[in-house]
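S.K.: Here's a structure for you.
The values are calculated or read from the model by the stated rules, or taken from the named source; none is laboratory data. Not measured: the values here are computed from a predicted model. Please note: Cβ atoms are built from the backbone with ideal geometry, for glycine as well, and neighbour counts cover all protein chains shown. Please note that ligands, DNA and RNA were not included when accessible areas were found on the heavy atoms of the full protein model with its side chains. Shrake-Rupley method; radii C 1.70, N 1.55, O 1.52, S 1.80 Å.
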Amino acid sequence: MESRAKQLIQTIFDVNNPFMLACERILNLFVLNLLFVLTCLPILTIGPAKIALYGSLKRLHEGQRAGLISSYLRNFKENLLQGGILGLLELFVVGFCLLDLFLLSSQSGPLVQVFQALFIGMLFLTILIFSYVYPLVSQRKLTSKQALKTSLLLAGLNLPWSLFILGVWLGLGMLLIYNALTLMMGLSGLLLFGFAVLAYVHYLIMDAIFKKYQ
């Protein structure tokens, strides 16, 4: 009896126990989410923060559990310039489209509808392209121009997945702005663990797509 109890305790606290591995994975995602939020605080560093997050998630998925924080910070530093340029480009295009849509929302007419459709199309295309850009740059040494071209090509070749990803991001955005309660709950979840969890699921999809073209 004592032997069985001792064996049960050893099994529970075994680091390779599925429960312990799941707890460790949750803790790692929480730490990565915290690092991502902190390194995104200036907003201008959102690009290198995304690249560092996807790079660390790749390391985590491959079972490299040691040195996760140092790996994130190293990836962030190495991609500070390129990631900064990509992040600023994304912020500029998204901000430009949203601002124009806001200004056009109080107007009407056929020409206004044409411009609204144009800016919505630009916004959706930007979201799609950059959904591929950051995971791609985190795994391959590409110039910004190469990454943008390759991302556009991959988005077109994998249209069903691209539309699914676009739908998820749009659905999340609509949920956040639905009312004050969903906004507060959504932001709280994102700040605690949501960014890393969403990025991890996104990474798994991107990893499966990238492997088809290796």
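S.K.: If you take the residues of segment 64-104 that are touching a Lys or Arg at 6+ places or on another chain (Cβ under 8 Å) and of a type in the set (Gly, Ala, Ser), which of them is surrounded by the fewest Cβ atoms within 10 Å (Cβ to Cβ)?
M.R.: Once the filter is applied, the top-ranked residue is SER71.
S.K.: OK, next. Any residue in segment 97-108 that is within 18 Å of the chain's Cα centre (by Cα) and hydroxyl-bearing (Ser, Thr, Tyr)?
M.R.: no
S.K.: Please pick out the residue among LEU123, LEU148 that is open to solvent by 40 Å² or more (accessible area, probe 1.4 Å) and in a helix (DSSP H, G or I).
M.R.: One residue alone meets the criteria, LEU148.
S.K.: Let me ask something else. Give segment 128-140 a look and list any residue that's hydrophobic (A, V, I, L, M, F, W, C) and over 14 Å from ILE46 (Cβ atoms), or say none.
M.R.: LEU128, ILE129, LEU136
The rows are residues; the columns are (1) open to solvent by less than 80 Å² (accessible area, probe 1.4 Å); (2) closer than 17 Å to LEU191 by Cβ; (3) modelled with pLDDT under 85.
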{"site": "PHE19", "(1), (2), (3)": "no, no, yes"}
{"site": "ILE26", "(1), (2), (3)": "no, yes, yes"}
{"site": "ASN33", "(1), (2), (3)": "yes, yes, no"}
{"site": "LEU38", "(1), (2), (3)": "no, yes, no"}
{"site": "GLY47", "(1), (2), (3)": "yes, no, no"}
{"site": "ALA52", "(1), (2), (3)": "yes, no, no"}
{"site": "GLY55", "(1), (2), (3)": "yes, no, no"}
{"site": "LYS58", "(1), (2), (3)": "yes, no, no"}
{"site": "GLU62", "(1), (2), (3)": "no, no, yes"}
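S.K.: Go through segment 153-163 and give me each residue that's touching a residue at least 24 places away in the same chain (Cβ under 8 Å) and either loosely packed, with under 12 Cβ neighbours inside 10 Å or out of contact with any Gly (no Cβ under 8 Å at 6 or more places or on another chain) (or both).
M.R.: Correct list: LEU154, ALA155, ASN158, TRP161.
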